[in-house]
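**Q** One structure is given below, represented as structure tokens, and several questions about it will come after.
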Amino acid sequence: MLYDIVMIGHISQDIMIDHLNNRMDLVGGAVVYSSFSAAASGSKVKVVTKLAQSDAYILEPLKRENITWEICPSKASTAIKNVYYTADKERRDVFLISQADPFTLEEVVGDETRIFHLAGLFGGEVPDTLIRPLSEKAEVAMDAQGVLRCLDEEGNLAFRDWEHKRELLPFIKYFKTDAAEAEILTGLSNREDAARLLNKWGAQEVMLTHNTEVMVCSHGEIFTAPYTHRTNEGRTGRGDTTFAAYLAWRKEHSAKEATAYAAALCSMKMEVPGTFKGSMEDVLKRMEEDAR
């Protein structure tokens with residue numbers, strides 16, 4: 001395989017407003033947090049993204065060993081404003097300022113890979129019509145936010161159930177959701193029950209993140225690992241970082257081991273704003289410390 005993971009999704013120019021009204025501007029998006037996490041975990045990653053030509057410069061700080069960036073042309077770039085209402089950053093509103101163009105199948109299938117990771121930020125970014133043909137070429141991993149976060153008739157952000165979930169989940173090997181998204185998809189507030197139902201509907205391995213832990217349901221079996229972060233300064237990108245660490249570690253390890261590894265890596269990431277900057281060795285050391 002040329003790549004371990006090909007990630008597909010928009011980069012976002014993020015405006016972050018915390019509960020004290022402090023502002024921070026970051027280059028983010030699922031593919032940014034995910035690519036750093038997977039690459040640090042030993043995976044060779046390619047990111048297929050879309051940017052307006054005038055914004056191509058924002059890639060410069062994102063260039064890392066083991067990450068290849070491919071920019072597809074777009075009329076606009078994606079920009080998002082996140083407003084947090086609590087210190088733990090669990091309550092927030094998300095405002096879409098501008099959005100890059102959707103992806104086409106021809107733009108994303110050029111290279112051999114073990115996994116296609118559909119890391120969309122909003123519904124329609126990675127169209128549902130790509131899932132089945134991509135599954136014929138490699139395993140498919142998908143984040144639920146890419147199908148649940150939509151714009152309503154007034155242009156405001158809204159969460160809606162995924163119309164094609166029962167049809168397309170059987171074509172997805174790895175499916176990631178958080179507790180709130182899982183309840184939208186299943187109608188179940190119990191996290192374990194929701195993960196099991198999504199697994200039953202066809203996704204072979206379901207990851208459900210919560211502010212306390214990572215949960216994975218693999219073929220009906222549940223594995224959990226706690227987040228052990230000491231601060232919440234790097235809360236943004238929690239799910240993306242965790243999922244990509246799991247995908248990378250899962251290549252040569254069990255679902256249980258990959259769950260523990262992903263929780264440890266993201267615990268470190270949440271203590272520092274931005275992407276994960278540590279190494280695989282740092283994560284393994286953290287796992288040993290947390291086990292004591």
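The values are calculated or read from the model by the stated rules, or taken from the named source; none is laboratory data. None of these values were measured; they are calculated from a predicted model. Ideal geometry is used to build each Cβ from the backbone, glycine not excepted, and the neighbour counts take in all protein chains shown.
**Q** Going through segment 1-57 one residue at a time, which ones are among the β-branched types (Val, Ile, Thr) and more than 16 Å from the chain's Cα centre (by Cα)?
**A** Here is the first cut: in segment 1-57, the residues among the β-branched types (Val, Ile, Thr) are 5-6, 8, 11, 15, 17, 27, 31-32, 45, 47-49.
Scanning segment 1-57 gives 15, 17.
**Q** Just checking, how many residues over segment 283-292 are surrounded by fewer than 15 Cβ atoms within 10 Å (Cβ to Cβ) and within 19 Å of residue 214 (Cβ to Cβ)? Break it down stepwise before answering.
**A** Within segment 283-292, the subset surrounded by fewer than 15 Cβ atoms within 10 Å (Cβ to Cβ) is 284-285, 288-289, 291-292.
Next, only the ones that are within 19 Å of residue 214 (Cβ to Cβ) stay: 284-285, 288-289, 291.
The total comes to 5.
**Q** Among the residues of segment 267-279, write down those that are touching a residue at least 60 places away in the same chain (Cβ under 8 Å) and more than 21 Å from residue 25 (Cα to Cα). Steps first, please.
**A** Keep residues of segment 267-279 that are touching a residue at least 60 places away in the same chain (Cβ under 8 Å), which gives 269, 273-279.
Those that are touching a residue at least 60 places away in the same chain (Cβ under 8 Å) and more than 21 Å from residue 25 (Cα to Cα): 278, 279.
**Q** Of the numbered conditions (1) part of a helix (DSSP H, G or I); (2) closer than 14 Å to residue 211 by Cα; (3) touching a strand residue (DSSP E or B) at 6+ places or on another chain (Cβ under 7 Å), residue 236 fails exactly one; give the number of that condition.
**A** With (1) part of a helix (DSSP H, G or I); (2) closer than 14 Å to residue 211 by Cα; (3) touching a strand residue (DSSP E or B) at 6+ places or on another chain (Cβ under 7 Å) applied to residue 236, the lone miss is (1).
**Q** Select from segment 244-292 the residues that are under 18 Å from the mean Cα position of the chain (by Cα), charged (D, E, K, R), over 20 Å from residue 116 (Cα atoms) and assigned to a helix (DSSP H, G or I) and list them in ascending order.
**A** Once the filter is applied, which keeps residues that are under 18 Å from the mean Cα position of the chain (by Cα), charged (D, E, K, R), over 20 Å from residue 116 (Cα atoms) and assigned to a helix (DSSP H, G or I), segment 244-292 yields only 269.
**Q** Still on this structure, please answer the following. Would you pick out the residues in segment 229-259 that are among the β-branched types (Val, Ile, Thr) and either crowded, with 18+ Cβ neighbours inside 10 Å or under 16 Å from residue 174 (Cβ atoms) (or both)? Spell out how you get there, then give the answer.
**A** Of the residues in segment 229-259, the ones among the β-branched types (Val, Ile, Thr) are 231, 236, 241-242, 259.
Once the filter is applied, which keeps residues that are among the β-branched types (Val, Ile, Thr) and either crowded, with 18+ Cβ neighbours inside 10 Å or under 16 Å from residue 174 (Cβ atoms) (or both), segment 229-259 yields 236, 241, 242, 259.
**Q** Could you tell me which residue of segment 264-276 is surrounded by the most Cβ atoms within 10 Å (Cβ to Cβ), considering only residues that are modelled with pLDDT of 95 or more and closer than 16 Å to residue 34 by Cβ?
**A** Checked segment 264-276; the qualifying residue surrounded by the most Cβ atoms within 10 Å (Cβ to Cβ) is 266.
**Q** Separate question: What number of residues within segment 1-10 satisfy the criterion of being modelled with pLDDT of 95 or more and not in a strand (DSSP E or B)? Let's see the steps before the verdict.
**A** To start, the set of residues in segment 1-10 that are modelled with pLDDT of 95 or more comprises 3-10.
Okay, now just the ones that are also not in a strand (DSSP E or B), so 9-10.
Going through segment 1-10 one residue at a time, the tally reaches 2.
**Q** Starting from residues that are at pLDDT 95 or above and in a loop (DSSP other than H, G, I, E, B), keep the ones in segment 213-228 and report whichever is surrounded by the most Cβ atoms within 10 Å (Cβ to Cβ).
**A** Among them, the one singled out is 227.
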